[in-house]
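To start, the structure itself, in structure tokens.
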Amino acid sequence: PHDIDPMGHMNNAAYLDFVADGLERMPAAMTDGLDHYHIGYVRPALPGAAIEVACWPAAEGAIACRISDGEGAELTRVLVSRAGT
């Protein structure tokens, strides 16, 4: 409940928690030093929605993540890189 805003949507910090979980499943050598997040919100996650996170290497020194609901609808796109890249 603390991750839901007054309109019934998941708050922005909760999206970053999901990204952090996805990054933890990747080899540390790929994620070490990544500290800059480019976030694109596509649509809100609604209460009760199943959340899926996929992360993959996007470019040297960057990881792309996609957050979707349980039906495959894209919710958020995130590119994680080193500051200044």
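The values are calculated or read from the model by the stated rules, or taken from the named source; none is laboratory data. Computed from a prediction, not measured in an experiment: that's the story for all the values here. Here the Cβ is made from the backbone with ideal geometry for all residues, glycine too, and neighbour counts use every protein chain on show. For accessibility, only protein heavy atoms count, side chains too; no ligands or nucleic acids. Shrake-Rupley method; radii C 1.70, N 1.55, O 1.52, S 1.80 Å.
Peptide packing: for 59-69, 18-28, the average count of neighbouring Cβ atoms within 10 Å per residue gives the ranking 59-69, 18-28, highest mean first.
Solvent-accessible area assigned to carbon and sulfur over the chain amounts to 56 percent, based on a 1.4 Å probe. Relative to the longest principal axis of the Cα atoms of the chain, the long axis of helix 12-24 makes an angle of roughly 40 degrees. Per-residue ellipticity at 222 nm computed for the chain from its helices equals -5500 deg cm²/dmol, with DSSP H segments shorter than 4 residues left out and the rest contributing -39,500 (n - 2.57). Taking the Cα centre of the stretch 11-85 as origin and assigning +1 to Lys and Arg Cβ atoms and -1 to Asp and Glu Cβ atoms, the resulting dipole is close to 180 debye.
Counting alpha carbon pairs within less than 8 Å and at least 6 residues apart, what relative contact order, in whole percent, applies to the chain? Please report the intermediate quantities before stating the final value.
Working: 140 pairs, mean separation 26.0, N = 85.
Across the chain, relative contact order equals 31 percent.
Rolling a 1.4 Å probe over the heavy atoms of the protein chains gives the chain an accessible area of 61 Å² per residue.
For the peptides 29-38, 70-79, residues were scored by their other Cβ atoms within 10 Å and the scores averaged per peptide; the highest-first order is 70-79, 29-38.
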